[in-house]
Amino acid sequence: METLAKLPGDLLKYYLDGGMTMHFISMLSLVSITTIVYKLIVFRKVRLNLNEFIASVRGALLKGNVQGAMEVCEQSRGPVAAIVKTGLLKVGKPKDEIEKTMENAAIHEVAYLEQYLPVLATIANIAPLLGFLGTVVGMILSFDVIAQHGLNNPGLVAKGISVALLTTAYGLIVAFVTQPFYNYFNSRVVAYTRQIETASNILFETLDEMESSDSTATA
């Protein structure tokens, strides 16, 4: 219990001993945490049961109810529903025009999903480098101590080296937290891209079926 009580004070001491570099790494950590929380909220909002959504849209279209299919899209959320709706708005137009409209919408939606991911990638790369920079600066200062006092006080030199290594540890901690979230968000973007492709292909197949049914009925 006594050790736990001392922990906050020890951490603060280590932080202050690390020097100015610790403040820069702290700023990166704040940006990283803010971005991670924001992206978690975004991906939670766009979550969609793809099979249920496609079944509802397809069922409405096969009944000739395009408006009902669009209502399904409006009641759903996320990039897949938004892109399918843009295609439904063009029903009756040439297939190439519908496909082009959906491709443009997909570019916009995927860009929204990828927003701020480069920030996380940059932090995961820069935080350890800042830590190493702080360590190098600390080592230089330690060698200055050796130059001034020689090796008569090894404890003072060792303390300087340990302080220098604090920045490396802090930078690595920030990177270790940031990198897994960056990888996770990237995997979600890839997953949603595949969902968009699947939904688009099924939509075109359904529209072809509608045209075939209309032709058969006319004949």
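The values are calculated or read from the model by the stated rules, or taken from the named source; none is laboratory data. Being a predicted model, the structure only gives us computed values, none of them experimental. Note: ideal-geometry Cβ built from the backbone for every residue, glycine included; neighbour counts use all protein chains shown. Note: accessible area is taken over every heavy atom of the protein model, side chains too, but ligands, DNA and RNA are not part of it. Shrake-Rupley method; radii C 1.70, N 1.55, O 1.52, S 1.80 Å.
Listed values, structure above:
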{"quantity": "Integer Hz, Karplus 6.51/-1.76/1.60 couplings in order for segment 88-94, x for Gly and Pro", "calculated": "5, 5, 9, 4, x, 8, x"}
{"quantity": "Phe204-Val177 pseudo-label distance in nm [points 7 Å out on the Cα-to-Cβ vector]", "calculated": "4.5 nm"}
{"quantity": "Segment 37-109 shape via C-alpha gyration tensor axes, a/c threshold 1.5", "calculated": "oblate"}
{"quantity": "Rough spin-label spacing in nm, given labels placed 7 Å along Cα→Cβ, for Ala121 and Ala169", "calculated": "3.2 nm"}
{"quantity": "Packing-based order for 135-144, 170-179, 89-98, using average beta carbon neighbours within 10 Å, highest first", "calculated": "170-179, 135-144, 89-98"}
{"quantity": "Share of carbon and sulfur in the accessible heavy-atom surface of segment 35-115 [1.4 Å probe, %]", "calculated": "51 percent"}
{"quantity": "Among Phe185, Thr86, Cys73 - extreme Cα towards positive end, dipole of segment 54-191, charges at beta-carbon", "calculated": "Cys73"}
